[in-house]
Amino acid sequence: MSKLSRLLRDLRRPAADEAGFTLLEMLVVIAILGLLITLVAPAALRQLSSARNSVAHQSIARLGSVLDMYKLDVGTYPTTAQGLDALVDKPTDVSTWNGPYLQGGKTPLDAWNHPYVYRSPSSRPDHDYDLCSEGPTGNANADAMICNN
(Lines give C-alpha, C1' and ligand atoms only; values in the text may rest on other atoms or scores of the structure.)
Protein backbone atom coordinates (compact mmCIF):
# COMPACT_ATOMS: atom_id res chain seq x y z
CA MET A 1 0.00 0.00 0.00
CA SER A 2 1.39 3.37 -0.94
CA LYS A 3 1.98 6.17 1.49
CA LEU A 4 -0.67 8.28 -0.22
CA SER A 5 -3.40 5.66 0.11
CA ARG A 6 -2.52 5.12 3.80
CA LEU A 7 -2.66 8.85 4.39
CA LEU A 8 -6.08 9.14 2.71
CA ARG A 9 -7.39 6.16 4.73
CA ASP A 10 -6.19 7.74 7.97
CA LEU A 11 -7.84 11.08 7.05
CA ARG A 12 -11.23 9.41 6.49
CA ARG A 13 -11.21 7.52 9.80
CA PRO A 14 -11.62 9.70 12.92
CA ALA A 15 -9.48 8.94 15.90
CA ALA A 16 -11.24 7.03 18.70
CA ASP A 17 -11.30 10.03 21.02
CA GLU A 18 -12.83 12.33 18.35
CA ALA A 19 -15.89 10.24 17.36
CA GLY A 20 -19.42 11.64 18.00
CA PHE A 21 -20.61 15.02 19.23
CA THR A 22 -19.79 16.73 22.48
CA LEU A 23 -22.45 17.81 24.93
CA LEU A 24 -21.64 21.44 24.17
CA GLU A 25 -22.18 20.93 20.43
CA MET A 26 -25.54 19.25 21.10
CA LEU A 27 -26.64 22.12 23.38
CA VAL A 28 -25.70 24.69 20.73
CA VAL A 29 -27.76 22.83 18.10
CA ILE A 30 -30.74 22.58 20.48
CA ALA A 31 -30.50 26.30 21.29
CA ILE A 32 -30.43 27.21 17.58
CA LEU A 33 -33.44 24.98 16.88
CA GLY A 34 -35.31 26.58 19.79
CA LEU A 35 -34.63 30.06 18.41
CA LEU A 36 -35.79 29.05 14.95
CA ILE A 37 -39.01 27.56 16.33
CA THR A 38 -39.80 30.70 18.35
CA LEU A 39 -39.30 32.83 15.23
CA VAL A 40 -41.16 30.62 12.74
CA ALA A 41 -44.08 29.25 14.83
CA PRO A 42 -46.01 32.55 15.21
CA ALA A 43 -45.83 33.19 11.46
CA ALA A 44 -47.05 29.67 10.72
CA LEU A 45 -49.96 30.06 13.14
CA ARG A 46 -50.94 33.37 11.52
CA GLN A 47 -50.97 31.65 8.13
CA LEU A 48 -53.21 28.88 9.50
CA SER A 49 -55.67 31.44 10.87
CA SER A 50 -55.69 33.32 7.58
CA ALA A 51 -56.28 30.08 5.66
CA ARG A 52 -59.28 29.17 7.82
CA ASN A 53 -60.77 32.63 7.31
CA SER A 54 -60.35 32.19 3.56
CA VAL A 55 -62.01 28.76 3.70
CA ALA A 56 -64.90 30.24 5.70
CA HIS A 57 -65.47 32.97 3.07
CA GLN A 58 -65.33 30.43 0.23
CA SER A 59 -67.69 28.02 2.01
CA ILE A 60 -70.21 30.78 2.65
CA ALA A 61 -70.07 31.77 -1.03
CA ARG A 62 -70.58 28.13 -2.08
CA LEU A 63 -73.51 27.70 0.32
CA GLY A 64 -74.96 30.93 -1.06
CA SER A 65 -74.98 29.33 -4.52
CA VAL A 66 -76.71 26.27 -3.11
CA LEU A 67 -79.29 28.48 -1.39
CA ASP A 68 -79.90 30.22 -4.74
CA MET A 69 -80.56 26.81 -6.36
CA TYR A 70 -83.02 26.04 -3.55
CA LYS A 71 -84.78 29.35 -4.17
CA LEU A 72 -85.06 28.61 -7.91
CA ASP A 73 -86.81 25.31 -7.13
CA VAL A 74 -88.97 26.34 -4.16
CA GLY A 75 -89.53 30.05 -4.81
CA THR A 76 -88.14 31.30 -1.48
CA TYR A 77 -85.09 30.81 0.65
CA PRO A 78 -85.47 28.43 3.62
CA THR A 79 -86.92 30.13 6.69
CA THR A 80 -84.86 30.58 9.83
CA ALA A 81 -86.82 27.74 11.42
CA GLN A 82 -86.06 25.42 8.49
CA GLY A 83 -82.43 26.49 8.50
CA LEU A 84 -79.76 24.86 6.39
CA ASP A 85 -81.35 21.47 7.13
CA ALA A 86 -83.77 22.33 4.31
CA LEU A 87 -80.86 21.81 1.89
CA VAL A 88 -80.47 18.20 3.05
CA ASP A 89 -83.97 17.09 4.13
CA LYS A 90 -87.23 18.11 2.47
CA PRO A 91 -89.25 20.49 4.64
CA THR A 92 -92.80 19.28 5.26
CA ASP A 93 -94.49 22.38 3.85
CA VAL A 94 -92.53 22.51 0.56
CA SER A 95 -93.87 20.75 -2.55
CA THR A 96 -91.33 21.69 -5.26
CA TRP A 97 -88.20 20.65 -3.36
CA ASN A 98 -85.69 19.04 -5.74
CA GLY A 99 -82.91 18.07 -3.33
CA PRO A 100 -80.90 17.10 -1.53
CA TYR A 101 -78.86 20.12 -2.48
CA LEU A 102 -75.82 19.07 -0.45
CA GLN A 103 -73.94 15.79 -0.53
CA GLY A 104 -73.18 13.90 2.64
CA GLY A 105 -76.64 13.95 4.16
CA LYS A 106 -75.82 16.40 6.94
CA THR A 107 -75.85 20.13 7.54
CA PRO A 108 -72.44 21.70 6.80
CA LEU A 109 -70.14 23.10 9.47
CA ASP A 110 -67.81 26.10 9.16
CA ALA A 111 -64.00 25.95 8.98
CA TRP A 112 -63.82 25.57 12.78
CA ASN A 113 -66.45 22.78 12.90
CA HIS A 114 -69.17 25.06 14.29
CA PRO A 115 -72.66 25.31 12.80
CA TYR A 116 -73.38 28.26 10.54
CA VAL A 117 -75.78 30.95 11.69
CA TYR A 118 -78.62 31.23 9.18
CA ARG A 119 -81.45 33.78 9.26
CA SER A 120 -84.09 34.42 6.64
CA PRO A 121 -85.20 37.10 6.20
CA SER A 122 -81.98 38.95 6.85
CA SER A 123 -81.46 41.40 9.68
CA ARG A 124 -79.12 43.39 7.40
CA PRO A 125 -80.36 45.80 4.75
CA ASP A 126 -80.14 44.70 1.09
CA HIS A 127 -79.72 41.01 1.95
CA ASP A 128 -82.26 38.23 1.50
CA TYR A 129 -80.70 36.07 4.20
CA ASP A 130 -77.81 36.00 6.66
CA LEU A 131 -75.35 33.14 6.44
CA CYS A 132 -72.52 33.60 8.93
CA SER A 133 -69.68 31.81 10.65
CA GLU A 134 -68.97 32.80 14.23
CA GLY A 135 -65.25 32.24 13.74
CA PRO A 136 -62.78 30.22 15.81
CA THR A 137 -64.54 30.70 19.14
CA GLY A 138 -68.00 29.79 17.89
CA ASN A 139 -69.59 32.69 19.77
CA ALA A 140 -68.40 35.87 18.04
CA ASN A 141 -70.41 39.06 18.21
CA ALA A 142 -72.09 40.43 15.09
CA ASP A 143 -69.10 42.59 14.12
CA ALA A 144 -66.61 39.70 14.24
CA MET A 145 -68.76 37.21 12.33
CA ILE A 146 -67.86 36.21 8.79
CA CYS A 147 -71.04 36.64 6.71
CA ASN A 148 -72.31 36.48 3.15
CA ASN A 149 -71.91 39.62 1.07
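The values are calculated or read from the model by the stated rules, or taken from the named source; none is laboratory data. Only a predicted model underlies this, so the values are computations on that prediction, with no experimental measurement involved. Here the Cβ positions follow ideal geometry from the backbone for every residue, glycine too, while neighbour counts run over all protein chains shown.
Say whether the condition of being among the hydrophobic types (A, V, I, L, M, F, W, C) and surrounded by 12 or more Cβ atoms within 10 Å (Cβ to Cβ) is met by at least one residue in region 38-45.
As a first pass, look at region 38-45 and keep what is among the hydrophobic types (A, V, I, L, M, F, W, C): 39-41, 43-45.
With the extra rule that they be surrounded by 12 or more Cβ atoms within 10 Å (Cβ to Cβ), the set shrinks to none.
No; the residues of region 38-45 include none that is among the hydrophobic types (A, V, I, L, M, F, W, C) and surrounded by 12 or more Cβ atoms within 10 Å (Cβ to Cβ).
Take S49 and tell me if it is of a type in the set (G, A, S), farther than 24 Å from H127 by Cα, at pLDDT below 90 and not in a helix (DSSP H, G or I).
Here the answer is no, as S49 does not meet what is asked.
List the number of the failed condition for A111; all other conditions in (1) under 27 Å from D143 (Cα atoms); (2) in contact with a helix residue (DSSP H, G or I) (Cβ under 7 Å, 6 or more places away or on another chain); (3) modelled with pLDDT of 90 or more hold.
Just one mismatch for A111, condition (3).
Does region 57-76 contain at least one residue that is modelled with pLDDT of 90 or more and in a loop (DSSP other than H, G, I, E, B)?
Among the residues of region 57-76, at least one is modelled with pLDDT of 90 or more and in a loop (DSSP other than H, G, I, E, B), which makes the answer yes.
Yes or no: D143 farther than 30 Å from L45 by Cβ and surrounded by fewer than 18 Cβ atoms within 10 Å (Cβ to Cβ)?
no
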